[in-house]
Amino acid sequence: MTIEAGPARSAWRRLFGVPLLVAAAFTVIMLVTAVVADLPVRDPEGFLGPSYVRLPLMVILMIAADVVPRVFARRRDLGGVGAATSHVLRTRWAGPRLAVAVAGLATFYLAYMSYRNMKSFLPFLRDGLTDSMLEASDRWFAGGHYPADLLQDVLGTGVSADLLSGVYMLFMVFVPISLAASLVWSDNLQRGAWYATALSFNWILGTVSYYALPSLGPVYADATPFYDLPETTVSTLQDTLYENRAEVLTDPFATENVHGIAAFASLHVSIIFTAALVAQLTRLPKPVRWIMWIYVALTTLATVYFGWHYVLDVFAGFALGAVSVWLASKAVKTGPKHFASPAADAPSPAVEPDAEPELVPSV
C-alpha cells in the first residue's frame, strides 16, 4: 500500500510522533534532574565530533550518496546536471521524506544526548556499586573462574585481542552509519523508523538499567584478569574513560567531559542485537542477516574478553534490545507481518529516481 500525496505530508507524525514525544519527555527528565542535582548538561563528543554535528553530517552525506547516482543517470534526459539535481531533490527529498528523516534524527539525538548526560549524573545520584554481586555471578557462571580469563586462555591474547578490539570499536561508526542509512537509503520508511526508534529506546531503557544496578564493570572493579592483554584501541579507550570519570567526580563543572562508565546492562550488546533482530524481522537479504548475527556473537565475546561487562550484563543487553525492538514496533505501528512475503529474500527491484517512497510494503 503506497501512501497518497496528501496523507503522506503527515508521515513523520505517524512514524515518529510517539517516539519523538517519548524522547522529548526523556530529555525533560534529564534537564529537570540536572537542575535539581545542580549538574551540568553536556553534548558529548565522539571521535567524529559532537553528536549534533556528526549525525546531521552523516545524514547529509548519505543523502548525497543517494542523490548523485540518480542525477548522473538522469542528467541527459533532464537537460544537464543542474536540472537533474533539482528534479531528484524535488521528487525524492522534498517534503514528506525529508521530514521523516529529520524527525528520526531528532528522536535519536534527544534520546542519545539525554542518555549520555543521565549516565554522567549516575555517580552523583546513586550510592553504592553492585560489582561484587555481579562478579560473584560471573564466577558462578564460569565455575569459579573469571569468564575473561577463560576467554583469553581459549582465544589467546595476540591476534585475537586486536581482532576483538576492532570489532568493539566498530560500534562507534556502526551506530551513526546504520542510523543514517535506515533513514535515508531505505525505500520502506516504516522499516527505517522501526530501527531508528528501537535505537532510541535502547538509550532510554539502558539508562534505567544503569540506575537499577549501578556498576563499573570487571576491568574497573578488578583489573587483575586483564594485565596480560596487549595495548589496543580498547585499552586506550578504557584509560580515557577512567580519566574522564576522575575529572567529572572531582568537579563536573570544570570539564567538558562526561562520566561514561556503567556496566549493567551492556548497551554494546543491546544495540547490535537490536540491529540484527530488526534485520531478521524485516527480512533483509540473507547475507546481511548472517553478517549481523556474526557481529552480535563477536561483540558479545569482546565485551567480556576486555572486561567491559559481566555475563549478566550481556544477558540483560539481549533482553533490553528485544524489548526495545518490541516497543518500537508498537510506537511506529509495524511488525514482522508487514515485511513477510514469499519473495522477501529475492533482490529488491531498482527504485526509480522519482519514485514515491513506501511506508509499508505493497500488499
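The values are calculated or read from the model by the stated rules, or taken from the named source; none is laboratory data. None of these values were measured; they are calculated from a predicted model. As a convention, Cβ positions derive from the backbone with ideal geometry for all residues, glycine included, and neighbour counts pool all protein chains shown. Ligands, DNA and RNA are excluded from the accessible area calculation, which covers all protein heavy atoms including side chains. Shrake-Rupley method; radii C 1.70, N 1.55, O 1.52, S 1.80 Å.
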Would you check which residues across region 71-126 are open to solvent by 50 Å² or more (accessible area, probe 1.4 Å), modelled with pLDDT of 90 or more and of a type in the set (A, V, I, L, M) and list them?
-> LEU125
If you go through region 214-227 one residue at a time, do you hit one that is in contact with a Ser or Thr (Cβ under 6 Å, 6 or more places away or on another chain) and open to solvent by 20 Å² or more (accessible area, probe 1.4 Å)?
-> no
When GLU256 is evaluated against the numbered criteria (1) open to solvent by 10 Å² or more (accessible area, probe 1.4 Å); (2) in a helix (DSSP H, G or I); (3) among the acidic types (Asp, Glu), which criterion, by number, is the only one it fails?
-> (2)
Condition set β-branched (Val, Ile, Thr) and within 17 Å of HIS268 (Cα to Cα), scope region 164-215, selection farthest from the chain's Cα centre (by Cα): answer is VAL208
Report yes if ALA181 is among the aliphatic types (A, V, I, L, M), modelled with pLDDT under 90, closer than 18 Å to THR300 by Cα and open to solvent by less than 50 Å² (accessible area, probe 1.4 Å), otherwise no.
-> no
Is it the case that region 205-212 has a residue that's open to solvent by 10 Å² or more (accessible area, probe 1.4 Å), of a type outside the set (A, V, I, L, M) and free of Cβ contacts under 8 Å to residues at least 24 places away in the same chain?
-> no
Criterion (open to solvent by less than 10 Å² (accessible area, probe 1.4 Å), of a type in the set (A, V, I, L, M) and free of Cβ contacts under 8 Å to residues at least 24 places away in the same chain) met by exactly one of ALA279, ALA302, ALA198 | ALA279
Across region 138-170, what is the number of residues that are open to solvent by 20 Å² or more (accessible area, probe 1.4 Å) and either within 19 Å of LEU237 (Cα to Cα) or among the hydroxyl-bearing types (Ser, Thr, Tyr) (or both)?
-> 10
Filter pass, SER235 being among the hydroxyl-bearing types (Ser, Thr, Tyr), part of a helix (DSSP H, G or I) and surrounded by fewer than 19 Cβ atoms within 10 Å (Cβ to Cβ) | yes
Hey, PHE273 hits all of (1) crowded, with 18+ Cβ neighbours inside 10 Å; (2) aromatic (Phe, Trp, Tyr); (3) more than 27 Å from PHE121 (Cβ to Cβ) but one; which does it fall short on?
-> (3)
All positions within region 313-333 that are open to solvent by 60 Å² or more (accessible area, probe 1.4 Å) and farther than 30 Å from TRP12 by Cα | PHE315
Would you tally the residues in region 76-112 being without any contact (Cβ under 8 Å) to a residue 12 or more places away in the chain and either in contact with a Gly (Cβ under 9 Å, 6 or more places away or on another chain) or within 30 Å of ARG42 (Cβ to Cβ) (or both)?
-> 1
Just to be sure, is TRP293 out of contact with any helix residue (DSSP H, G or I) (no Cβ under 6 Å at 6 or more places or on another chain), open to solvent by 30 Å² or more (accessible area, probe 1.4 Å) and at pLDDT 95 or above?
-> no
For the subset of region 267-313 comprising residues that are among the aromatic types (Phe, Trp, Tyr), part of a helix (DSSP H, G or I) and over 17 Å from the mean Cα position of the chain (by Cα), which member is farthest from SER200 (Cα to Cα)?
-> TYR305
